[in-house]
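The values are calculated or read from the model by the stated rules, or taken from the named source; none is laboratory data. Please read all numbers here as calculations on a predicted model, not as lab measurements. With ideal geometry, Cβ positions are generated from the backbone for all residues, glycine too; neighbour counts draw on all protein chains shown. For the accessible areas, the whole protein counts, side chains as well, though only heavy atoms, and no ligand, DNA or RNA atoms are used. Shrake-Rupley method; radii C 1.70, N 1.55, O 1.52, S 1.80 Å.
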Amino acid sequence: MSNLKSNLSHEGSNISSVITIRSLTTGLVLAILLNIWVTYGTYLLHTSRMSVSHLPISALALFLLITFVYNPIARSIAVRAAFTGGELALIFCILLISSLIPGKAFVSYFLTVISTPFYFAQPENQWAELFIPHLPEWLVASNRNNAMGWFYEGLPPGGSVPWSPWIIPVAWWMSFFIAVFIVGACIAAIFRKQWVEYERLTFPLVQVPLELIAGNPPSGSGRWPALVYDRLFQIGFGLALGIALWNIVAFTHVIPQLPVGTFFETPLQLSPLFPTIPLRISPYMLSFAYFINVDILLSIWVFFMLGILEIGALSYIGLNMGSSGPGGSGGVNAQFFGGFVVYVVYSLWAARRHLLAVVKKAAGWDTTLDDSKELISYRGAVLGVLVGTIFICAWLYQSGISLPVMAVFLVFLFILYFGTTKVIAETGVVFLDLPVNAHQITVLSLGSGNIARSSLTSLGLTSTFARNWRGLGMGSAVLADRLTDGFWPKKKGLLLVLTITFMVSLVAAVSYTIYAGYSTGAYNFGGGAFNGLNKSYYDEIVTWMKNPLSLGQNEPWFMATGALIFFVLLKLRHWLIWWPLAPVGFAICFASNIRDSILSVFLAWLAKFILLKVGTNAYRTGQRFFLGMLIGYTTGIVLSFIVDALFYPGQGHMIHDW
């Protein structure tokens, strides 16, 4: 990627700012469009979920609209009308941040939590007697005048949307989410130099937009991106788009669908002792996986298979019992979570000298550390983390969480958000869920019987963000920060733009989702969030209160074993130059999305391994095929959305998920 960055950096060498008025305006307009589009597609059309993944197909599709449609047309009219590489980078960053919010990415958690308790409380579920007395009224929407009833059932004829019950809870939650986003972005700024310059992480997810920007022809050299003329790109594009078009025609049931995509799965079970291995090919995962380091790809599928074998061995001797602990299905999941925790701890330890230098720089004790290329000065970043954390703690305390419980919860939340962010930067895995949820592991670690009901209730409300696998923007901020490296000497104003984008996207997605609920009834939304999952979040609180839960007897031992294995893998990686297994593969191999994509990971490793044996040039040539396949698949998903909107409204086809 360094060669690609150096090729792009010349264009931005004389530009002192990331931001131009037209790129900012275009980016924000597209951000609003993205949030309305994904909300409409997910909830009303019941089509593919286009906001899932760490580089969602919705952001990529709109970026392709600029690079492959607008720019060629603009260039044919007036060269200066086309966006430059630096402007394209800013637009992509805005789209990436905006994709954090709509549908499954965030709103499906947020609005279900605040709209559910008063409307769905029944004598049978015991919500009214167990936790509703402890609900902070400023964080949940009231059902006065049947406001939530109309949201779920749809307004009667002539009715108007009752916005007032939403204003206070949405405003307070938004203040919290903005604080979390700013803290995450400040942490991203603090660690950029450590990860980019010291550890030299490759940021594989950034390579795709960089390749698309690099393919954008410079002024006066042509109309179309250079990729369009490449034969391998054309083959990959045609193959992926052809499969998508075939499956779109199959909506009519005239022809059978081709078994390629998220929902075509063949279960493989080695024996009754072993769990099934889902075999499915995800073109989206496969395309991105090609850019992942070959050692990491190898490590993921090798450790996954070893985990499967371990489960079988433990089942044979009767030790792999079901569990509510990390991962939710037994000791092996707890083992890999133990490795994930050590991954985070070691990452902080490896950065200790840099963190000390950042603190000295922020305090004015040492001015030698250069922070001119960061999202924000180190002083501003440290201040942002401190002030933001104080606000977050005060907010959580006012919501009803006691200080000791809050301390444990925030530690787990940081481990999960930071760890997932580092994994994304190091591996480039486009589908990655959290290994556990912070509020659930907090309750299990402390024991639900040892936590006050007010704290349990408020921990239940944290499903709005504790389940958020994109870290409420920390990972996206890291990718945006890295993408803009090399384009401009300074990034002044970029953090402000990203924060404004986050806020605008929140307002757009939340307001349109509320409006859509009153128009059609949230009961009818696709995806299941508003007609099943919403009640499960509160039923979980009831379970905590009625049935004291804690980690199983064996789970701490499995976690300790996983921590030890990860530490040994670290040492082997450092001591033995030839050692091929990357420790990070151990930390993430049993995440649910990795499990579902394991065949795609293996195929990407196999293709990359063979091409690297042929030569580096062969691998680089293969990149164009996989870029073509990625863009062809994305185009197919967009066409599927259009077909659903025209011919199958409300009965769409979810052909893309994670």
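At a glance:
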read-out: Prolate/oblate/rounded call for the chain, Cα gyration tensor, a/c under 1.5 rounded; value: rounded
read-out: Ellipsoid equivalent to the range 354-478 - semi-axes via the Cα gyration tensor, in Å; value: 30, 19, 11
read-out: Coarse-grained scattering of the range 527-582 at q = 0.22, 0.31 Å⁻¹, given as base-10 log I(q)/I(0) from a Debye sum over alpha-carbon atoms; value: -0.85, -1.07
read-out: Spin-label pair Gln234/Ala313, simplified geometry with 7 Å Cα→Cβ offset, distance in nm; value: 5.3
read-out: For Leu279, distant residues with modelled amide H under 5 Å away; value: Thr266, Leu268
read-out: For Asp657, residues with placed amide H under 5 Å, excluding near neighbours; value: Thr262
read-out: Only Lys, Arg (+1) and Asp, Glu (-1) charged, at Cβ; the range 372-480 dipole about Cα centre in debye; value: 100
read-out: Cα centroid separation - the range 570-641 against the range 70-88, whole Å; value: 33
read-out: Cα shape, the range 393-441, gyration tensor, a/c 1.5 rule; value: prolate
read-out: Dipole of the chain, positive direction: furthest Cα of Gln207, Ile187, Leu630, with charges on the beta-carbon; value: Gln207
read-out: Cross-link pairs Lys360/Lys492; Lys492/Lys571; Lys104/Lys422 - those with Cα-Cα distance over 29 Å; value: Lys492/Lys571
read-out: DSSP-assigned coil residues among chymotrypsin sites (Phe, Trp or Tyr not before Pro) in the range 200-283, each with at most 16 further Cβ atoms within 10 Å; value: Phe263, Phe264
read-out: Listed residue (Tyr43, Leu375, Val140) projecting farthest to the positive dipole end of the chain, Cβ model; value: Leu375
read-out: Positive minus negative residues near Pro278 (Lys, Arg vs Asp, Glu; Cβ under 15 Å); value: -2
read-out: Check: the chain dipole with +1 on Lys, Arg Cβ and -1 on Asp, Glu Cβ, in debye; value: 1400
read-out: Positive dipole terminus of the chain, leading residue within Val584, Asn71, Ile392 (C-beta point charges); value: Asn71
read-out: Spin-label model distance (nm) - Asn531 vs Trp557, 7 Å beyond Cα toward Cβ; value: 4.6
read-out: Rg and Dmax [Cα atoms of the range 39-120; Å; Rg one decimal, Dmax integer]; value: 17.0, 58
read-out: Estimated FRET transfer efficiency (Val29, Ile167; beta-carbon r; R0 25 Å; 0.05); value: 0.45
read-out: At R0 = 60 Å, FRET efficiency that the Cβ-Cβ distance of Val79 and Tyr346 yields, to 0.05; value: 0.75
read-out: Relative packing of peptides 405-415, 306-316 - highest average C-beta neighbours within 10 Å first; value: 405-415, 306-316
read-out: Gln651/Ser519 FRET efficiency (R0 25 Å; Cβ-Cβ; nearest 0.05); value: 0.90
read-out: Sulfur and carbon atoms: percent of accessible area, the range 52-102 [1.4 Å]; value: 71
read-out: Distance (nanometres) between label positions extended 7 Å along Cα→Cβ at Val359 and Glu197; value: 2.0
read-out: The range 423-524: C-alpha gyration tensor shape, a/c 1.5 cut-off, then a/b vs b/c; value: oblate
read-out: Environment charge of Ile101, counting only residues whose C-beta is closer than 15 Å and scoring Lys/Arg +1, Asp/Glu -1; value: +4
read-out: Mean accessible surface per residue for the chain, computed with a 1.4 Å probe while every protein chain stays in place, in Å²; value: 39
read-out: Within the accessible area of the range 266-313 (1.4 Å probe), percent carbon and sulfur; value: 73
read-out: Counted charge near Val52, where neighbours are those whose Cβ lies closer than 14 Å (Asp, Glu -1; Lys, Arg +1); value: +1
